[in-house]
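K.L.:
Please see the structure below; I have some questions.
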Amino acid sequence: MTQRKVLGFGLAGVMVFSGALILGDPAGASFRGWLAYALVSAVGALALWLAWSWLTRDTGPRWLITCVLFGLALRAGIAVALARGLPIYGYDEKVQRAGYVFFDAYKRDNDAWAVSRTDRSLWLELTEPRSTDQYGGMLFLSAAVYRTLTPDVHRPLLITLFTAIASTLGILFSWAFAEKTFGEKAGGFTAWVVAVYPEGVLLASSQMREPFVMASIAAALYGYALVREGRRRAGSLTVLFAGALVLLISPPYALLTLMTAVLAGLWEGRIGWRRSGSAALAILGLAVFGVYLVVQAWTGLREITGAPVEALLRWWENAGAQWRLNLLEDQSRWMSTLFDILPSWSQLPFVVFYGLVQPLLPAAIAYPGVAIWRAIAIWRSVGWYALLPFLMYAPFPAFRKAGRRSLQAYLVLLIWVGAMVAAYRATSYQWDSPRYRAVFLTAQAALAAWAWVYATQAKSRWLARSAILLGMPTAGLLLWYLGRYYGLVALDLIPAMAISAVLDAGLTAWWLMVERRSRGAARMGSPSEGEGNA
């Protein structure tokens, strides 16, 4: 296809796409509003085309174009549906009446709109943080968009277009990372998981910072894939760019982005500071600047006072006590029952485990809430519970077959340690733990893709068995929830979970015994070396 045709299709797509968005915008349609959507859509289309050209060298598979366009349309469509549906079908509270899913997005976006209507310099949002955005970057971006593109009407949907574009860029970088490291099949699997994973789609359909973080981590992992190929300079610059991209949005996440790639290189022994001196200094400089921004942001908040070192110490103290606050916040009747039974030493591990299984699928299915929130809850839960069997299975072949210092083993540690930290620190298990965990979506999807490819090639039954082992306690908990809410099944929680645990243990023991017998029979049936040469 010639460049003229590409340009023509692109312009037509931008006009149609922006037209659909302005017609779907609850704030109302206007020519100025359409121009705002068209401009942002054009910038997004250019960014996607540049990323496509760079990552695929204009020779990428056609299905990837379909995946990217579908991912963008899905995010934009969900954003419109939520903005229009929540005020009508949601709960009667101010956040949902305004069309927002997340309280953080509601507060930050409305602050941005208020700032955009004043003469206050937007640069002050980066130097004088607010509680709604302690780093100021997301509020700065939103206020700048409102002040320049749509000063007459508050259009929150316009901000979701930025998050949708960032998330869609993450699809391309995720595909490129998995394709370079684990092969073509894994690349396809990864791209589609990132494109349709519910938590990622929901965040990208809201005015949240996580889509930018997910895209930056995907780009950093792709940069590390270039380093693994021997393209150290290009890879290091890509990692540096990925960290810089999200630095003003969230300095801690910028540090996390850099460390994700650097630790991967150190784990595999592919990064030597002497061999990559200039790139290492640049990354170190960006990291130091990020720490500076974090400390400045924290010390600027009313909730945290004192010198920079005192601010860091205060955060550390809060981190150690946070799980106790979480315990108090999330204690429902059945949680209180569990804490009465559990010894004190086991409560913290249980709280972390509870965060890992959120959003809880049985609760989402059984909870008698309004239809739109039940649909959102089930959708989010199905996504996580569909991915979990792959992540449960992956550690075993990663460490036993790929090796302890392999990239697969590193991804296992990155994903599960990150998930446990998110569960430990989350103040709201149902929402915070899943969205913090989702920043590593590229790593999760790539590891799941590798596990699927390996299980298929090795004809391993343990991937399917992992799904069964997850399904047993899920079914038991669902029966308990159905009894709790609807009185359908008279089943106590503790016996239900105990039966599920016993069944899981029994199945695992049976499968291990069967495999051991099969291996023994295979060894006995194979000829010895001497018999084979006779």
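Every number in this text was worked out from the coordinates using simple rules, so none of it is lab data. The model shown is predicted, which means the values in this text are computed figures rather than measured ones. So basically every Cβ, Gly included, is an ideal-geometry build from the backbone, and we count neighbours across all protein chains shown.
K.L.:
What spacing in nm lies between the two simple spin-label points modelled at L512 and I494, each 7 Å away from Cα in the Cβ direction?
P.N.:
2.7
K.L.:
Moving to a separate point now. Sorted by mean Cβ packing within 10 Å, highest first, what order do the peptides 152-158, 211-217 take?
P.N.:
Peptide ranking by packing, descending: 211-217, 152-158.
K.L.:
Further question on the same structure: Going by how many other beta carbons lie within 10 Å of each one, how would you line up E199, E179, E515, fewest first? Spell out each step's value before the answer.
P.N.:
Numbers: E199 22, E179 25, E515 12.
Sorted ascending by nearby Cβ count, the order is E515, E199, E179.
K.L.:
Then there's this: Just need the relative contact order of segment 1-208 here, percent rounded to a whole number, with Cα pairs under 8 Å and 6+ apart. Provide the component values of the computation, followed by the final result.
P.N.:
Working: 232 pairs, mean separation 50.4, N = 208.
Averaging sequence separation for qualifying contacts and normalising by length gives 24 percent for segment 1-208.
K.L.:
Follow-up question, since we're still on this one. Calculate the length of the line joining the C-alpha centroid of segment 439-468 to that of segment 371-406, in whole Å.
P.N.:
Between the Cα centres of segment 439-468 and segment 371-406 lies a distance of 8 Å.
K.L.:
For E184 and S30, calculate 0.36 nm times their separation in residues minus their Cα-Cα distance, and state this gained length in nm to one decimal.
P.N.:
Details: separation 154, 0.36 × 154 = 55.44 nm, distance 4.48 nm.
Contour length minus the Cα-Cα distance gives 51.0 nm.
K.L.:
At a 10 Å Cβ-Cβ cut-off, how would you order S236, S121, S167, fewest neighbours first? Walk me through the intermediate numbers first.
P.N.:
Details: S236 24, S121 11, S167 29.
The fewest-first ordering by Cβ neighbours comes to S121, S236, S167.
K.L.:
Something else: Can you give me the Kirkwood hydrodynamic radius for segment 1-208, using every pair of distinct Cα atoms, in Å to one decimal? Mind dumping the intermediate values first?
P.N.:
Details: mean 1/r = 0.0555 Å⁻¹.
Final number for the Kirkwood radius of segment 1-208 is 18.0 Å.
K.L.:
Next up: Kindly give Rg over Rh for segment 462-518, based on alpha-carbon atoms, with the Kirkwood expression for the hydrodynamic radius. Before the final figure, lay out each step's value.
P.N.:
Values: Rg = 13.8 Å, Rh = 12.3 Å.
Taking Rg over the Kirkwood Rh, I get 1.13.
K.L.:
Kindly rank 65-73, 440-448, 498-506 from highest to lowest mean number of other beta carbons found within 10 Å of each residue. Walk me through the numbers before you get to the answer.
P.N.:
Values: 65-73: 17.9, 440-448: 28.1, 498-506: 13.7.
Highest to lowest by the protection proxy: 440-448, 65-73, 498-506.
K.L.:
I'd like the FRET efficiency for Y485 and V196, computed as 1/(1 + (r/R0)^6) with the beta carbon distance as r and R0 of 45 Å, rounded to 0.05. List each step's numbers first, then the result.
P.N.:
On the way: r = 29 Å, r/R0 = 0.65.
According to the calculation, E is roughly 0.95.
K.L.:
Which of the lysines could be linked to K459 by a straight reach, that is with a Cα gap under 21 Å, when you skip same-chain ones fewer than 8 residues away?
P.N.:
K459 reaches K185, K401.
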